[in-house]
């Protein structure tokens, strides 16, 4: 999908196994920046890598022109297509140091955050050639830079990237989409990261992995809705936890939380259970607007 002369969005459709023969349909966006070279923000999944490369060919470009892939974080739907790209281009990979181990050792990631069909989504590991940290600027083409913002919460090493020349903010999974399965490891850090994104000036386009590309006035409302969704989840988790008591299983708690959020599910993905568990440490009062617990 063409957004500007420089920016194209590519939507990857895939599925995550919740249990044997039970799948959850998902999608994720990666973004293509076109210049003399090509910069890719996130690589999607292994099963759609060939489609991404075919898309480039339809634009009259070659996968061999991909000089850099910048990863907003290490989760399977963002790194899964890295290895096929590495096999077909001289690209280098950049990511935050906190997420680097899961990119370079996907077996480690699968052990620590297992998904039944992990290796259907992830082709294999790649080396991280460049460590990205907050405040870094990455010159991906002549006169075209990306500024790195550290936006942890979804993962410890989640980053966002601001392309000032186009007013384009790429946020990975930092902003949860209301009404969808919530996935993050730290609700307070997530809110603080969204507040940081709200403070970026000159944003004309918001490119989130979980939303359709957003422009104009919807940018501010989308960010605020993300914060409100995390706060809503916090209230619901605490309410359900108090109702069920300390002996309840995380799966039972998670199913009831999903029901109250209006999300139908017969089985809960472990990563979603981990999200809800993060709201119970410690179990106190809801989050305040700045992401700090109050009381």
Out of 202, 172, 124, report the one residue that is surrounded by fewer than 16 Cβ atoms within 10 Å (Cβ to Cβ), within 18 Å of residue 7 (Cβ to Cβ) and modelled with pLDDT of 95 or more.
202
Which number in (1) assigned to a loop (DSSP other than H, G, I, E, B); (2) modelled with pLDDT of 95 or more; (3) closer than 21 Å to residue 209 by Cα; (4) touching a strand residue (DSSP E or B) at 6+ places or on another chain (Cβ under 7 Å) marks the one condition that residue 162 misses?
(1)
Long-range neighbours under 6 Å by Cβ, at least six apart or interchain, first residue under 14 Å from residue 179 (Cα atoms) within segment 256-281, second in a loop (DSSP other than H, G, I, E, B):
258/265; 272/181
Determine whether segment 209-230 contains at least one residue that is closer than 18 Å to residue 31 by Cβ, at pLDDT 95 or above, touching a helix residue (DSSP H, G or I) at 6+ places or on another chain (Cβ under 7 Å) and in a loop (DSSP other than H, G, I, E, B).
no
When residue 73 is run through (1) in a strand (DSSP E or B); (2) over 17 Å from residue 89 (Cα atoms), the failure sits at (1)
Farther than 24 Å from residue 4 by Cα, modelled with pLDDT of 95 or more and crowded, with 19+ Cβ neighbours inside 10 Å, is that true of residue 185?
no
Picked from segment 109-121 (must be surrounded by 13 or more Cβ atoms within 10 Å (Cβ to Cβ) and in contact (Cβ under 8 Å) with a residue 40 or more places away in the chain), the residue nearest to residue 269 (Cα to Cα) is 115
Can you tell me which residues in segment 93-126 are assigned to a loop (DSSP other than H, G, I, E, B) and out of contact with any helix residue (DSSP H, G or I) (no Cβ under 6 Å at 6 or more places or on another chain)?
96, 97, 98, 99, 105, 113, 114, 115, 116, 117
Test result for residue 135, in a loop (DSSP other than H, G, I, E, B) and touching a helix residue (DSSP H, G or I) at 6+ places or on another chain (Cβ under 6 Å)
no
Strands (runs of 3 or more DSSP E) fully within segment 1-62 counting 1 or more residues that are surrounded by fewer than 20 Cβ atoms within 10 Å (Cβ to Cβ) and touching a residue at least 12 places away in the same chain (Cβ under 8 Å)
7-19, 22-34
Here is a list of conditions, (1) closer than 24 Å to residue 99 by Cβ; (2) touching a helix residue (DSSP H, G or I) at 6+ places or on another chain (Cβ under 9 Å); (3) crowded, with 16+ Cβ neighbours inside 10 Å; (4) touching a residue at least 24 places away in the same chain (Cβ under 8 Å), and residue 163 meets all of them except one; can you say which number that is?
(2)
Check residue 216 against each of (1) loosely packed, with under 15 Cβ neighbours inside 10 Å; (2) in contact (Cβ under 8 Å) with a residue 60 or more places away in the chain and name the one condition it does not meet.
(2)
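The values are calculated or read from the model by the stated rules, or taken from the named source; none is laboratory data. Quick caveat: nothing in here was measured; it's all calculated off a predicted structure. Glycine also receives a Cβ, built like all others from the backbone with ideal geometry; neighbour counts cover every protein chain displayed.
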